[in-house]
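Engineer: This structure is in structure tokens; I'll ask about it shortly.
The values are calculated or read from the model by the stated rules, or taken from the named source; none is laboratory data. Keep in mind that this is a model prediction, so the values were computed, not measured. Here Cβ is always computed from backbone atoms with ideal geometry, including for glycine, and neighbour counts include all displayed protein chains.
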Amino acid sequence: MSTKVRLGIMMFLEYAIWGAWYPVLSAYLQNTLNFTGIQVGMIYSLLPLATIISPFIAGQIADRYFASEKVIAVMQLVGGVLLILCSQVTAYSTMMWLLLLYCMMYAPTMALTNSIAFINMQNSEKDFGKIRVWGTIGWIVAGLLLAGWRMASKSLGGPIAGADTLLLGGIVSLIMGFQAFSLPHTPPRKDSAKPWAFIEALKMLKDKNFLLFIIISFVVATELMFYYVLTAPFLVSNKIGVSSTSVSAVMVIAQAAEILVLAFLLPYFLPKYGIRKTLTIGILAWPLRYIIFAIGKPAWLVIASLSLHGFCFVFFFAAAFIYVDTVAPKDIRHSAQSFITLVTYGLGNYVGSLFAGWVQTYFTKTVATPEGVQEAVTNWTGVFIVPCFLTVVCAVLFLLFFKDKTGRKPAVAK
């Protein structure tokens, strides 16, 4: 089996795990378990929190001590067991602690899978999008499997056993744990003269352009959580009216668009127009989607706007990982990838999870229905105006002050 095929399977499974539970868990927590907006925000902050903590250790281990594919295998096997256990609980405190342990296992693998891919590619600018797109396909397949699972359960007249989103993610995690042993052998660099790779990655902040890039990446990552945490509850609300059974299938529209952008547009646009214009377009796609969410009608336009996720995610986050691989010294690539993961999926998403939960709670009021029943109603326009404004500010600042240094090509694996 060729290296590209093995890397593609790795990306497929890595993001199928995430896609199985992350996009729609919030609807389950709010509508079935009756968690509050702040509690849901806390649950969604666990993966970013783990991403803040674990890369310091995992990046150092993979850069200096153990082969990356073995580190991934162990973490996915342990994580799969934890996620299956988590699917069987409904108490907030128990679920929070189990999910935190799971996230500590999963979070390092996001950076490590990127590192393995970059190291084993001949040209990251040309090949990364074609390999990373299989992660998006995995996310889509997970969403469709979940929708099919729910429709089958409903047609048979039986209840869904536990949190099916978490159970599906746990099963896929176990599969990836075994698949990781077949990945290209990626040993640590024994010849490095720099013992603390993560500290060396932090020194990259001395470059003013890289510092600005990191700051903007952090802010945009906080606004990403308005999509992950609130889109499912927004779609199933009375304002849009998507059924809870089909919401996971509807949300794969975003990933279908992501496939097209990753496979065709990014490989063309990035070499032709450079990192600055690519990242700027990625930032601008965010407020465009959020303003459509804020207007909230017609419903078909809201659903269609999910396709903007292709530009939101790929032209910013996927391009950001390529940019870091371009500027990072060869012997600290693992830790450089861990650093950008820390800033975006870690600090940014952690703050964004809490912020999104707080904003929803702020714009949610309890009102009485005509039947006299007390009901929580969210002002979704007010909610989505917040990330719309912040991402516009990011785009302006980035366009004005970020300078793309010319003559720098993505690193070629030796």
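Engineer: Of the conditions (1) surrounded by fewer than 20 Cβ atoms within 10 Å (Cβ to Cβ); (2) closer than 30 Å to Ser68 by Cβ; (3) of a type in the set (Val, Ile, Thr), Ile291 fails just one. Which one is it?
Structural biologist: (2)
Engineer: Scan the stretch 345-388 for residues that are hydrophobic (A, V, I, L, M, F, W, C), surrounded by 12 or more Cβ atoms within 10 Å (Cβ to Cβ) and outside any helix (DSSP H, G or I) and jot them down.
Structural biologist: Listed by number, the residues that qualify are Phe363, Ala376, Val377.
Engineer: Can you go through Gly169, Gly143, Gly177 and tell me which one is at pLDDT 85 or above, under 23 Å from Leu33 (Cβ atoms) and either in contact with a strand residue (DSSP E or B) (Cβ under 6 Å, 6 or more places away or on another chain) or surrounded by 15 or more Cβ atoms within 10 Å (Cβ to Cβ) (or both)?
Structural biologist: The unique qualifying residue is Gly169.
Engineer: Please pick out the residue among Ile253, Ile295, Ile322 that is at pLDDT 85 or above, under 18 Å from the mean Cα position of the chain (by Cα) and not basic (Lys, Arg).
Structural biologist: Ile253 is the lone residue from the list that is at pLDDT 85 or above, under 18 Å from the mean Cα position of the chain (by Cα) and not basic (Lys, Arg).
Engineer: Return yes or no: is Ser115 in contact (Cβ under 8 Å) with a residue 40 or more places away in the chain and either assigned to a helix (DSSP H, G or I) or in contact with a strand residue (DSSP E or B) (Cβ under 7 Å, 6 or more places away or on another chain) (or both)?
Structural biologist: yes
Engineer: Restricting to the stretch 82-102, name every residue that is crowded, with 18+ Cβ neighbours inside 10 Å, of a type outside the set (A, V, I, L, M) and farther than 22 Å from Leu183 by Cβ.
Structural biologist: Matches in the stretch 82-102: Cys86, Ser87.
Engineer: Right, here's the next one. Tell me whether the stretch 324-335 contains one or more residues that are part of a helix (DSSP H, G or I), of a type in the set (Lys, Arg) and either over 17 Å from Thr391 (Cβ atoms) or touching a helix residue (DSSP H, G or I) at 6+ places or on another chain (Cβ under 9 Å) (or both).
Structural biologist: yes
Engineer: A further question on this structure: So which of Val377, Val392 is within 22 Å of the chain's Cα centre (by Cα) and either hydrophobic (A, V, I, L, M, F, W, C) or modelled with pLDDT under 75 (or both)?
Structural biologist: Only one candidate qualifies: Val392.
Engineer: Gly158 versus (1) modelled with pLDDT under 85; (2) over 14 Å from Ser246 (Cβ atoms); (3) assigned to a helix (DSSP H, G or I): which is the lone unmet condition?
Structural biologist: Among (1) modelled with pLDDT under 85; (2) over 14 Å from Ser246 (Cβ atoms); (3) assigned to a helix (DSSP H, G or I), Gly158 violates only (3).
Conditions tested, residue by residue: (1) modelled with pLDDT under 85; (2) farther than 20 Å from His309 by Cβ; (3) surrounded by fewer than 19 Cβ atoms within 10 Å (Cβ to Cβ).
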residue	(1), (2), (3)
Arg189	yes, yes, yes
Phe198	yes, yes, no
Leu212	no, yes, yes
Val220	no, no, no
Leu224	no, no, no
Phe264	yes, no, yes
Pro267	yes, no, yes
Lys277	no, no, yes
